[in-house]
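Coordinate-derived values only; no laboratory data. Everything numeric here is computed off the predicted structure, so don't read it as measured data. Note that we place each Cβ from the backbone using ideal geometry, even for glycine, and neighbour counts take in every protein chain shown.
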Amino acid sequence: MTIFDPMNRALDLAREAGERGEVPVGAVILDPASGKIIGEGGNGPIGDHDPTAHAEIVAIRAAARLLGNYRLTGLHLYVSLEPCAMCAGAISFARIGKLVFAASDKKGGAVIHGPCFFEQPTCHWRPDVEQDETHSEEAASLLRAFFAARRG
């Protein structure tokens with residue numbers, strides 16, 4: 001019996017984004033009670049002509065539409081890269097119950113780096129946060145290869 005790993009799906013979405021020329025980041029929103037994916041997405045700012053089309057935002061929008069509610073309380077978000085400040089804000093406003101990310105992002109991350117968004121007194125909702133060390137190197141490798149090819 002194969003156990004579904006939502007981070008593997010997020011990494012698949014990241015690879016698909018990279019193939020489209022987007023920064024390879026993928027996100028999956030999972031209902032932990034049912035084990036079903038409620039929303040998912042890969043980075044799309046370039047193709048969508050939308051600077052807010054980060055993987056997390058795409059997944060949050062899809063989940064909110066599916067559920068007919070902007071509050072995603074109790075759901076889990078799996079993302080291949082530590083969220084930026086914009087995405088951390090959206091995660092907070094959506095009331096995501098748990099955030100799991102793979103690769104950390106010293107330059108643009110806002111969860112354990114930079115502004116540490118969820119630790120700020122102005123943050124009104126804080127998800128449980130976990131770094132997925134099992135997939136962190138794979139996610140980081142996707143990003144390194146993507147940027148190395150562009151510097152090439």
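Observations on the structure shown:
- Average projection area in nm² (convex hull over Cα atoms of segment 1-68, one quarter of hull surface): 4.9 nm²
- Taking the centroid of alpha carbons for each part, segment 18-77 and segment 85-152 are 14 Å apart.
- Extension gain, T134-A148: 0.36 nm per intervening residue step, less the Cα-Cα distance, totals 2.7 nm.
- Applying a DSSP loop filter and a limit of 15 other Cβ atoms within 10 Å to the trypsin sites (Lys or Arg not before Pro) in segment 97-152 leaves K106, K107.
- Dipole axis of the chain (+1 Lys, Arg; -1 Asp, Glu on Cβ), positive-most option in G74, A33, V58: V58
- Amide hydrogen neighbours beyond the local backbone of R95, cut-off 5 Å, H modeled: L72
- Distribution of pairwise C-alpha distances over segment 18-105, 5 Å bins, in %: 3, 16, 29, 27, 16, 8, 2, 0
- Our summary gives the chain a relative contact order of 19 percent, counting only alpha carbon pairs under 8 angstrom and 6 or more residues apart.
- Here the mean projected area of the convex hull built on the C-alpha positions of the chain is 9.2 nm².
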